[in-house]
1. Could you check region 61-166 for helices (runs of 4 or more DSSP H) lying wholly inside it with 1 or more residues that are modelled with pLDDT of 90 or more and touching a helix residue (DSSP H, G or I) at 6+ places or on another chain (Cβ under 7 Å)?
2. What are the residues in region 121-166 that are of a type in the set (A, V, I, L, M) and surrounded by 15 or more Cβ atoms within 10 Å (Cβ to Cβ), if any?
3. Can you report the number of residues in region 34-60 which are over 25 Å from residue 11 (Cβ atoms), in a helix (DSSP H, G or I) and either of a type in the set (Gly, Ala, Ser) or touching a Cys at 6+ places or on another chain (Cβ under 9 Å) (or both)?
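The values are calculated or read from the model by the stated rules, or taken from the named source; none is laboratory data. Source: prediction; values computed, not measured. So basically every Cβ, Gly included, is an ideal-geometry build from the backbone, and we count neighbours across all protein chains shown.
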Amino acid sequence: MKDEKDRPQLEVYLQDHYAGAVGAIELIAHSIEAHEGSPLVRFFKELEAEVKADHEQLGNLMKVLGTDDSGVRNAGAWMAEKLSRAKIGFSGGETSELRLLQALESLSLGIAGKRLLWRALREVKSAAPELQATDFDQLEQRATEQLDRVEAERLGAARAAFLAEG
């Protein structure tokens, strides 16, 4: 970065996004388990591979920038995902359609945040020579595609949850 006084702010921003991905990966892994034997498993496994690749990309950028991930933030994100299961209803109560809808909405928020991360980094790329080699347009496009796929599943889950015969 041109101005080193800005680096701590960038580090916190990147650490927050890195930790958010930890929570997303946990949620996706649990969703794979919860939907074993369903066509959703393929969807979640493909999404998991992409989110892990994006997480690795962010980790590589952080290394290039000399930023470590935050064990405290990562642990907090991991714990938040576990606690969110109670809200999402993985522990019982709500119908599986509603649990799926809520899980997909959580993932949508995270992916939208990731898309904004790539956009923000593209904006400051010229001030950080370490970022020059990264194709943020491609990363943002992949996030948009992920968001579109999650949204299609989310809308299907909404139809199933709210229009179910009961």
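1. 96-124, 136-162
2. 121, 128, 131, 139, 143, 147, 150, 157, 158, 160, 161
3. Count: 2.
Here's the yes/no breakdown for (1) of a type in the set (A, V, I, L, M, F, W, C); (2) over 18 Å from residue 7 (Cα atoms):
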{"site": "117", "(1), (2)": "yes, no"}
{"site": "126", "(1), (2)": "no, no"}
{"site": "136", "(1), (2)": "yes, yes"}
{"site": "150", "(1), (2)": "yes, yes"}
